[in-house]
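Nothing in this text is a laboratory measurement; each read-out follows from the coordinates by a stated rule. Just so you know, these numbers come straight off a predicted model, no measurement behind them. Quick reminder, even Gly has a Cβ in these numbers, built from the backbone with ideal geometry, and neighbours come from all protein chains shown.
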Amino acid sequence: MSNEERLEQLREEAWHKGIVAGSGVDVAGGPIPKKPGYYGEPVVRPPVWTWEIPLYFFFGSIAGMSAVIAFGSAIFHHTGLAQSAMWVAAIAGAVVSPLLLVMDLGRPHLFLNMLRVFKPRSPMSMGAWILTAFGACAVPGSVALELHAHQIFPGGLDQMLRIAAGFFILASAIFGTLLATYTGVLIGATAIPAWFLHRTLLPIHFGAAGLGSAAAVLELFGQRIPPLNFLGFCAAGVETALLIWLSIDKHGVADRAIHEHRSGWLIRIGEVLNGPLAIVLRLLGLIPFAAISFLIGALVSRFGWIAVGRVSGSDPEAVFASQL
Amino acid sequence: MIGDGVQSTNQRRHNYVQENIEVGFFTDPTVCIGCKACEVACKEWNQVPDDGYNWTGNSYDNTGHLGASTWRHVMFLEQDRQKGSQIVGSLGDEEADDPFRWVFLSDVCKHCEEAGCLEACPTGSIVRTEVGSVLVQNDVCNGCGYCVVSCPFGVIDRRPKPLPDHGGAFKCTFCYDRQKSGLVPACAKVCPTESIVFGRLDDLRARGKERVQQLQELGYNDAWLYDPQETSVGGLHAFFLLLGEPEAYGLPPRPQIPTIYLKSAWTAAFATAILSIAATLLGFALFS
């Protein structure tokens, strides 16, 4: 074995195991590195986010879009549905989501620093404000709606509660749509090639997945009404279209993390579950199964997109290819 | 500047912070000897913890890459190319030319003119200083990790457990504390060959151009300045002279600041927001 081959072997070993056993080699002959870039080191940095963030994307979008459904059902006098939807919005948006976000911080005790500045150029700052505003509207909204629905207070006070509920539900719906979609902007406006190359697709994907998931959750809570089925169809239709879009809009090496590796499989499985499969199940009238399929798909694809970021961010060739 | 002794901008006291003068680093691999004194000086002055004693097997580089606990990183490139006008020959008895060069470059945070990390930071922890450098205020950072994916050069990172001050984002501070007291950044101060030069940014840019010309005349045909002013990054306050293509140094050929993607992404988000409200209302209107 020549020195170069031995050294290559040592490099491989060091690369994969972090340590090398056995003796070194004479470097005479000048081995030339074979890995892309600088010894295959990442050029940009992969995300440090762990499981909390994809889970937050999932729950945040359910919360946001539940408020939208609550708004629609309140306008069309489905008070029972509006109540359930606002509870989903309040619990997922004001309890679960902030908890997940705080847990992911490197210094959770400093979470309030998120509200130290208002920075339109930072999607992370916008997201923190959107989530805060959403929580501040969804919680009083659901309480006011509940009090109004049970006619706890007499006449005039109840009228005021009705107006307050209407106002807070409308505001929750507006902030809710942003809560469900800003996460796409958050990861789309980064230096990670597979993310920024799909920055227009991501907010649409996250928003549609949020709307479908919110409808699915409410259906699983027993709200089997045609408007929710319609929304389920719409969301699954959009997800199917996005699946096709992703398979057409390929960028070769630059976004190969979406089409290869384990991350690629997560994306594919997620999109099939919340796209075509959910449609077929709905057409067959198996609504609970369609709802479960959509929810699992939405969850898996969020984990998929974070996994894509990790693979793509660690891939120097992807960064170079995205800048040609 | 070389031969200026203590009067060199790398050595003498200054008032750049007080006078709001933009400063920079110019790093020149053609005079770097790969001693890693800059790495050591940086760690010592800034009390940066060790981040593992790993053997990478990549030439003499066991540092790997810049990170939360590595603010200077000396790269060791082994290339099958001629260095300047060096005479190439085979090492053995073979007759074939066997060009080989070893290039050392001390990598550092680029302190971009338009900094991705600074724009991304939701806490206002990352700020621009009087001298134009980008500084992370450690006590404000809550470790959200968004700057990590927003840096086009993969410089800033969140420090993992169990290192001291873990959870926060860290990178080169440009020795802001030293500069406030009129001192030169530790890495430049200690560099024995003035491969790292600290000084006024405009002076350094002129000096860099001069050096490239000088090297070209000496036969270094692939010498050039890596300072992407034409991309959205808008230039670097810590720029480099490179031999050959930037990819070999793990530097992006055309770095972009991620904020340029905001417009299209937010447009898609707003469109989705409006359409989802419309679809919901339509659903209830049709099926109620």
- Note on the structure: Largest fluctuation, A:ARG121, A:ARG199, A:ARG224 only, Gaussian network model of chain A with Cα springs under 10 angstrom, belongs to A:ARG121
- Message: If I require 15 Å or longer along the helix axis, counting alpha carbons, and a Kyte-Doolittle average no lower than 0.5, what helices from chain A are left? Use full DSSP H segments.
- Response: A:52-75, A:79-91, A:123-149, A:155-188, A:201-220, A:226-248, A:287-313
- Separation between the B:GLN213 and B:ILE260 pseudo-spin-labels, each 7 Å from Cα along Cα→Cβ, expressed in nm? 3.0 nm
- Message: Please compute the modelled spin-label separation between A:LYS250 and A:LEU324, points set 7 Å along Cα→Cβ, answer in nm with one decimal.
- Response: 1.4 nm
- Task: Specify whether the C-alpha gyration tensor of the stretch B:167-266 places it in the rounded, prolate or oblate class, a ≥ b ≥ c being the square roots of the eigenvalues: rounded for a/c under 1.5, otherwise prolate if a/b is larger than b/c and oblate if not.
- Result: oblate
- Note on the structure: Scoring only Lys, Arg, Asp and Glu (+1, +1, -1, -1) among other residues with Cβ under 12 Å from the Cβ of B:GLY84 yields +1
- Item | the stretch A:62-189: radius of gyration over Cα atoms, expressed as a fraction of 2.2 N^0.38 Å | 1.13
- Message: What's the magnitude of the charge dipole for the protein assembly as shown around its Cα centre, counting Lys and Arg as +1 and Asp and Glu as -1 at the beta-carbon? Answer in Debye, nearest 20.
- Response: 2060 debye
- Counted neighbours (other Cβ, 10 Å), sorted fewest up, put A:ILE296, A:ILE163 in the order A:ILE163, A:ILE296
- Note on the structure: CD proxy, 222 nm, the protein assembly as shown: helix-only mean residue ellipticity via -39,500 (n - 2.57) per DSSP H run with n ≥ 4, per residue, nearest 500, stands at -16000 deg cm²/dmol
- Message: Need one number: nm distance between label points at B:GLU230 and B:ALA206, each 7 Å from Cα along Cα→Cβ, rounded to one decimal.
- Response: 2.5 nm
- By how many nm would the segment from A:LYS35 to A:VAL95 lengthen if fully extended, with 0.36 nm per residue of separation less the alpha-carbon distance? 17.0 nm
- Hey, got a sec? Which GluC sites (Glu not before Pro) in the stretch A:226-275 land in a DSSP loop and have at most 16 other Cβ atoms within 10 Å? A:GLU260
- Note on the structure: With a Förster distance of 56 angstrom and the Cβ-Cβ distance between A:VAL280 and B:GLU245, calculated FRET efficiency to the nearest 0.05 equals 0.65
- Once the Cα gyration tensor of chain A is found, what semi-axes does its equivalent ellipsoid get, as square roots of 5 times the eigenvalues, in whole Å, sorted largest first? 46, 22, 15
- Neighbour count of at most 15 Cβ within 10 Å plus DSSP loop: longest chymotrypsin sites (Phe, Trp or Tyr not before Pro)-free window in chain B: B:61-288
- Task: Determine the shape class of the protein assembly as shown: with a ≥ b ≥ c the square roots of the Cα gyration tensor eigenvalues, call it rounded for a/c under 1.5, and otherwise prolate if a/b is greater than b/c, oblate otherwise.
- Result: prolate
- Can you list the residues, at least 5 places off or on another chain, whose amide H is less than 5 Å from the amide H of B:CYS112, using H built in the peptide plane? B:HIS237
- Note on the structure: Within the stretch A:73-96, the residues whose backbone N lies under 19 Å from a label point placed 7 Å from the Cα of A:PHE167 along the Cα-to-Cβ direction are A:74-75
- Message: Going through the cross-link list A:LYS17/B:LYS180; A:LYS35/B:LYS189; B:LYS171/B:LYS209, which pairs have a Cα-Cα distance over 32 Å in this structure?
- Response: A:LYS17/B:LYS180; A:LYS35/B:LYS189
- Item | Karplus-derived 3J(HN,Hα), 6.51/-1.76/1.60, for each residue of the stretch B:251-259, Hz, glycine and proline x | 9, x, x, 9, x, 10, 7, x, 4
- Got a sec to turn the phi values of the stretch B:203-209 into Karplus ³J(HN,Hα) couplings, 6.51 cos²θ - 1.76 cosθ + 1.60 with θ = phi - 60°, whole Hz, x for Gly and Pro? 4, 5, 5, 5, 4, x, 4
- Message: Can you tell me, using C-alpha contacts under 8 Å and at least 6 residues apart, the relative contact order of the stretch A:222-324 as a whole percent?
- Response: 33 percent
- Which of these, B:THR70, B:THR56, B:THR267, has the largest mean-square fluctuation under a Gaussian network model of chain B (Cα springs below 10 Å)? B:THR267
- Task: Evaluate the relative contact order of chain B (contact order divided by residue number), counting alpha-carbon pairs under 8 angstrom at least 6 apart; express in whole percent.
- Result: 25 percent
- Task: Pull up all non-local amide H partners of B:SER106: gap of 5 or more, or a different chain, and H-to-H distance under 5 Å with H placed in the peptide plane.
- Result: B:MET75
- So what's the Cα pair-distance distribution over chain B, bin width 5 Å, in %? 1, 5, 10, 14, 16, 15, 12, 8, 5, 4, 3, 2, 2, 1, 1, 0, 0, 0
